Amino acid sequence: MPLAQPRKGESIGFCIYPSGRVEFTLANPEMVIWASIRHWCSQRAAEFYALNTHRIYNKRTRSAVAWNVGLYVQQASEFYDAASNAKPNTAPLLYYYSFLNLAKALCEIHSPRLHRRQECYAHGLAWRPDPRNVVRIDKETVTVRGRGIWHLLWESLMHAPCPAANPTKLSVLQLFSQCPEIAVEFHTLYGEPKTRVYLEKIEAIYDKAAHEVWLKLLRAARV
């Protein structure tokens, strides 16, 4: 399917921080990001965002959402801290449960009282290796089945019912190929082309008539 033609609008530039002559890093980027995420552990802050950003107007529902989101975020943070100090054979599992709890926090906002739903206690994903053979990444698949957090997360992000058939098999090799954090290692091991998209310029575009703002991304010539 061809991409839609770019919309027209007035460029208002794009810069996260004010431009300056001196560049510096104040803190570890991961620490800064987690500090922002942990802000949701504050009941008052979480209720504020639930009302003003996510339009949850019922006071009791808003309070419950804030409480549950805070619990999920706290667990996610503790799993992440534990993973950063764990050995390579254990860290991936802890990272997984960290991100699973972050997914639950997001799903809670869109599906208040998530813990009352059956999907909260299923991942929605399954992997069963063959005990008779050595695991081969190029042959392994992950199965999307039933209903679980995977489905709720997809629906929360896409604002539409999840269309995945039950079951759906996903190639582990293809999943790894879409992960930019390991693109170089993936290319070295499997010889597949890198899937990174290098951006040359980012602009924020404003349409005065529609009162809309979007990002315009210009891809660099190299691949």
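Glu212 meets each of the listed conditions (1) of a type outside the set (A, V, I, L, M, F, W, C); (2) modelled with pLDDT of 85 or more; (3) loosely packed, with under 15 Cβ neighbours inside 10 Å apart from (2).
For the range 140-174, a residue qualifies if it is free of Cβ contacts under 8 Å to residues at least 24 places away in the same chain and in a loop (DSSP other than H, G, I, E, B), and the qualifying residues are Arg145, His159, Ala160, Pro161, Cys162, Pro163, Ala164, Ala165, Asn166. Pairs linking a residue in the range 93-115 that is without any contact (Cβ under 8 Å) to a residue 24 or more places away in the chain and within 20 Å of Ile33 (Cα to Cα) to a residue that is part of a helix (DSSP H, G or I) and of a type outside the set (Asp, Glu), with Cβ atoms under 6 Å and 6 or more positions apart or on different chains, are Leu94/Phe79; Leu94/Ala82; Leu94/Ala83; Tyr95/Ala83; Tyr97/Phe79; Ser98/Ala76; Ser98/Phe79; Ser98/Tyr80.
Yes/no per residue for (1) surrounded by 13 or more Cβ atoms within 10 Å (Cβ to Cβ); (2) part of a helix (DSSP H, G or I); (3) of a type in the set (Gly, Ala, Ser); (4) at pLDDT below 95:
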position: Glu23; (1), (2), (3), (4): no, no, no, yes
position: Ser36; (1), (2), (3), (4): no, yes, yes, yes
position: Ala45; (1), (2), (3), (4): yes, yes, yes, yes
position: Thr61; (1), (2), (3), (4): yes, yes, no, yes
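Looking only at residues that are within 21 Å of Ala164 (Cα to Cα) and among the charged types (D, E, K, R) in the range 94-138, which one is farthest from the chain's Cα centre (by Cα)? If we take residues in the range 94-138 being within 21 Å of Ala164 (Cα to Cα) and among the charged types (D, E, K, R), then Arg128 is farthest from the chain's Cα centre (by Cα). Among the residues of the range 170-203, those that are under 27 Å from Arg7 (Cβ atoms) and among the hydrophobic types (A, V, I, L, M, F, W, C) comprise Val197, Leu199, Ile202.
Every condition in (1) in contact with an Asp or Glu (Cβ under 9 Å, 6 or more places away or on another chain); (2) more than 17 Å from Leu153 (Cα to Cα); (3) not polar (S, T, N, Q) holds for Lys87 except the one numbered (1). The condition of being over 20 Å from Asn101 (Cα atoms) and aliphatic (A, V, I, L, M) holds for only one of Leu175, Leu157, Leu152, Leu125, that being Leu175. Of all residues in the range 175-194, those satisfying the criterion of being under 18 Å from the mean Cα position of the chain (by Cα) and outside any helix (DSSP H, G or I) are Gln178, Cys179. The residue pairs whose first member lies in the range 32-44 and is in contact (Cβ under 8 Å) with a residue 60 or more places away in the chain and within 16 Å of Glu78 (Cα to Cα), whose second member is of a type outside the set (Gly, Ala, Ser) and not in a loop (DSSP other than H, G, I, E, B), and whose beta carbons are closer than 8 Å, counting only pairs six or more residues apart or on different chains, are Ile37/Val73; Ile37/Leu102; Trp40/Tyr49; Trp40/Val69; Trp40/Val73.
The values are calculated or read from the model by the stated rules, or taken from the named source; none is laboratory data. Computed from a prediction, not measured in an experiment: that's the story for all the values here. Because the Cβ atoms are built from the backbone with ideal geometry, glycine has one as well, and the counts that use them run over all protein chains shown.
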